[in-house]
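Colleague: Sharing a structure with you now.
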Amino acid sequence: MPGRASVVHVHFAGGKYIGFDKITYGCYSPKKQKYGKTVIGYQGTVWHDSARVHGGTVNTLYERCQAAYHAFDGLPKLVDHLRILAVNAELASARAGDHGRAVRVLTQFAVECVTRLMGLVPELVGLKKRTYGVAGGILRAASDIAKLEAAGARMATLGNAKESLMVLDGAWRARLAELAASVVQLARTHEGLVAIAKAAREVMLQTEIISANIAIESTSAGPFEPELRAIADTMRGRVDELRAMIDGASRALRDAAESNQALAAFGAAGR
């Protein structure tokens, strides 16, 4: 039974590889009758198949990077809510007079926490933009590598394309080198997001302590106790939201680190 043939358009000029068109292929091995391989060539010659081995990791990594940033989608709104709560606590403690003195001190610490958290938002936005740019480059490089490998597999079946395959091999190795360099850059942006998540967790823990202390001190605020306790309870709820964001980002970051290591092996395939 004949196999589905590859459709490959590889362009050369003066004996040098200059590019290739988009291709569709389903390489067929008469010996094993299997589709999807890009490695069976003339007389069983094996060409490169790194895209087949590692290609799925690229999409997985991109999805995990997205998950890490999506976990913080609600951060700007949450920071604004915490800021309003800190202001309300300060106003309520001021109305309480001497009874609210301890709470006023705590609200100053709460404002400092909000300011720190607010400073992380532009850092997060800038890092997200850089990460998506690098990840997009990796996706494009991986796509090019897959096309080159499919082209090489098809050319290998001709049996007289040794020189052309050598040129194609050079293009293949160049794209792998670009991918490897991008993986290093992605690892750096990953470290940056880990640092942001760590800073956010520190703020979360401090805010959690502050909200607990506001609830305790509210018991001596006389008629303002219900208002201050409600503020403390709401603040604890926002802290729980922040914890969920950080935990979600941390899980995605751990998974992304595993994918990044696998991609490093992909980039090393051309060495």
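Colleague: Calculate the FRET efficiency for Q185 and T115 from the Cβ-Cβ distance with a Förster distance of 22 Å, rounded to the nearest 0.05.
Modeller: Between Q185 and T115 the formula returns 0.10.
Colleague: Another question, if that's okay. Add +1 for every Lys or Arg and -1 for every Asp or Glu among the other residues with Cβ under 12 Å from the Cβ of A161, and state the total.
Modeller: Result for the neighbourhood of A161: 0.
Colleague: Here's a follow-up. I'd like the projected area of region 91-138, averaged over all directions, using the convex hull of its alpha carbons. Report it in nm² with one decimal.
Modeller: Result: 3.9 nm².
Colleague: Add +1 for every Lys or Arg and -1 for every Asp or Glu among the other residues with Cβ under 9 Å from the Cβ of A141, and state the total.
Modeller: Here the count lands on 0.
Colleague: Do you know the Lys pair count in region 122-256 for C-alpha distances under 30 Å, with sequence separation 8 or more or different chains?
Modeller: 5
Every read-out reported here was derived from the displayed coordinates using simple, explicitly stated rules and does not represent laboratory data. Bear in mind the structure is a predicted one, so any value in this text is a computation, not a measurement. For neighbour counting, all protein chains shown are included, and Cβ atoms are generated from backbone atoms with ideal geometry for every residue, glycine included.
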